[in-house]
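Structure record follows, encoded as structure tokens.
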Amino acid sequence: MDAYDQLVNRISAAVEEFIAGEELYDDDTQIEINPSTLEVKLVDGDTDNDDLDYYSVMDLVTMPTDDSGRWAADDDAIESVAGEYFED
């Protein structure tokens, strides 16, 4: 598995963690990515460190059409974020 796939998996895992425990997080929850190590974690929206990158978790989920009422990971959005770290 290459570094891009690993980052996609890390972001996806954080998004799935948010979905599984949505009631535990604020609406402004963000995905924090360390651009040096590609470490990924969920953080409160008030978190801000100039050396790290932040993405709203709500930009990485979608509401499926199956009427389940549960968020689903938006694979295209997640891959787009991961791709920002591996541009040519």
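Observations
- Matching residues, segment 53-88, being part of a strand (DSSP E or B), under 22 Å from ALA3 (Cβ atoms) and of a type outside the set (Ser, Thr, Tyr): ASP53, ALA73
- If the condition is being touching a helix residue (DSSP H, G or I) at 6+ places or on another chain (Cβ under 9 Å) and either surrounded by fewer than 18 Cβ atoms within 10 Å (Cβ to Cβ) or among the acidic types (Asp, Glu) (or both), then segment 20-31 contributes LEU24, TYR25, ASP27, ASP28.
- Across segment 27-70, the number of residues qualifying as over 13 Å from ILE11 (Cβ atoms) and either among the hydroxyl-bearing types (Ser, Thr, Tyr) or modelled with pLDDT under 90 (or both) comes to 17.
- Checked against the criterion of being in contact (Cβ under 8 Å) with a residue 60 or more places away in the chain and not aliphatic (A, V, I, L, M), segment 51-65 contains not a single residue that satisfies it.
- Residue check for ASP50: loosely packed, with under 12 Cβ neighbours inside 10 Å, in a loop (DSSP other than H, G, I, E, B) and over 11 Å from the mean Cα position of the chain (by Cα): yes
- Count - residues of segment 32-47 that are surrounded by 11 or more Cβ atoms within 10 Å (Cβ to Cβ) and either small (Gly, Ala, Ser) or under 18 Å from GLU79 (Cα atoms) (or both): 10
- Selected residue (criterion: farthest from PHE18 (Cα to Cα)) from residues of segment 32-45 that are in contact with a strand residue (DSSP E or B) (Cβ under 9 Å, 6 or more places away or on another chain) and not in a strand (DSSP E or B): PRO35
- Condition check for THR62: among the β-branched types (Val, Ile, Thr) and over 13 Å from the mean Cα position of the chain (by Cα): no
The values are calculated or read from the model by the stated rules, or taken from the named source; none is laboratory data. Please read these numbers as outputs of a predicted model, since none were measured by experiment. FYI the Cβ positions are ideal-geometry reconstructions off the backbone, even for glycines, and counts take in every protein chain you see.
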